[in-house]
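Worksheet: the structure to be examined is printed underneath.
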Amino acid sequence: MKRLIILIFPLLLCTCENEVIEMLPPYVFFVNDIDYHVMDADDPAAATFLIRGSVSAQGYIEEVRIGDRTIGRDSIGDETRFMLEHEVDIKGKAPFEVPFSCLDREGNTDSKVFRFLSSVPIETYQVTMGAQNNSNYGFFFSFKDRKVYSLTEFVDSKREEQGFCYGYSMSKNISLLLSPTELVKQVIINSAGTRVASFCGIVAINNETFEKAHFDNITNDAFMRNLNGTEYGTFAFNQMEAGKSYLVKSDDGLRGVIYVQRITPGVAGSVDLIIKLQR
């Protein structure tokens, strides 16, 4: 057995020495892997936007192109990574794109486009929702017709609609924004729909604590569409607190922001909400 290993081992070494490992191709990356920005038509201060990211090339970077601008090897040097910071004028502009590309010294290239999109108006709804044992108010808010439905109506005929529910966890004594898919897990009802909604609390924006005044200033869908970085990953349920705001997203990508005005806790309690949704 030892003799066999002695005979095979040199062959393996030769094979490893002769094997050529291909270099990784160039790669263009935007911060948080988000390749768009929604321009806020109602924000007069929004005149520019800074695109940030990086390009990398294991075979060294030959040149980087940003729009009509070219950055060559003489500026980059012998680097395998180059950080991107490109300020763009967006004031009063229609939707447009900025192309990016990276060429390595082996002739390989990668290209991506950063898109600037226009915001559109939103619709605002004020609703009172009851928890699962409250028969006076609806329990499920429909994204389809923007109406509130009772628990019985939801179970009977609304289970395939997209929307969100209001539940109260008796074990934890907390009020919840719930995706219909979470109703069974939270032991609220024995059956649930298949459509998904997800939520997260909005804590801060641009290093400022998110207050009611910020919510009131939302007049189009730019804020909710741009609030999709890694720090605002959404979940199938979220604890509700009065005076707080929450991002909500539907299975089909509809986005909105919910502000909690008042909570009466308990399985027979209720909650007053202001909901701002994309049209």
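The residue list Phe96, Leu151, His86 was ranked by how far each Cα lies along the charge dipole of the chain toward its positive end, using unit charges on Cβ atoms, and Leu151 comes out on top. Rounded to the nearest 10 degrees, the angle from helix 2-18 to the longest Cα principal axis of the chain is 90 degrees. Sorted fewest first by neighbouring Cβ atoms within 10 angstrom, Val271, Val113, Val155 come out as Val113, Val155, Val271. All alpha carbon pair distances within the chain were sorted into 5 Å bins beginning at 0; the resulting P(r) in whole percents reads 1, 5, 10, 12, 12, 10, 9, 8, 7, 7, 5, 5, 4, 2, 2, 1, 0, 0. Can you tell which of Phe139, Thr181, Ile202 lies farthest toward the positive end of the dipole of the chain, using +1 and -1 charges on the Cβ of basic and acidic side chains (Lys, Arg; Asp, Glu)? It is Phe139, whose Cα lies furthest towards the positive end. For segment 122-278, the relative contact order is 28 percent, taking Cα pairs closer than 8 Å that sit 6 or more residues apart in sequence and dividing their mean separation by the residue count. Considering only alpha-carbon pairs that sit under 8 angstrom and 6 or more positions apart, the relative contact order computed for the chain is 17 percent. Beta bridges from DSSP with both residues in the chain: antiparallel share about 95 percent, rounded to the nearest 5.
Using only side-chain charges placed at the Cβ, +1 for Lys and Arg and -1 for Asp and Glu, the dipole size of segment 122-278 relative to its Cα centre rounds to 160 debye. Our helix-only sum for the chain, with -39,500 (n - 2.57) per DSSP H run of n ≥ 4 divided by its residues, gives a mean residue ellipticity at 222 nm of -3500 deg cm²/dmol. Per-residue extension of 0.36 nm, minus the Cα-Cα distance of Tyr125 and Ala41, leaves a gain of 28.1 nm for this segment. Charge dipole of segment 12-151 (Cα centre as origin; +1 on each Lys and Arg Cβ, -1 on each Asp and Glu Cβ, all else neutral): 880 debye, rounded to the nearest 20. When only Cα pairs below 8 angstrom with a gap of at least 6 residues are kept, segment 87-164 shows a relative contact order of 18 percent.
Charge tally for Gly72 (other residues, Cβ to Cβ under 9 Å; Lys, Arg +1; Asp, Glu -1): -2.
Centroid-to-centroid, using Cα positions, segment 214-279 and segment 86-132 are 21 Å apart.
Here, each number is a calculation from the coordinates, and none is a lab measurement. Quick caveat, the model's predicted, so the values are computed rather than measured. Cβ: placed from backbone, ideal geometry, glycine included. Neighbour counts: every protein chain shown.
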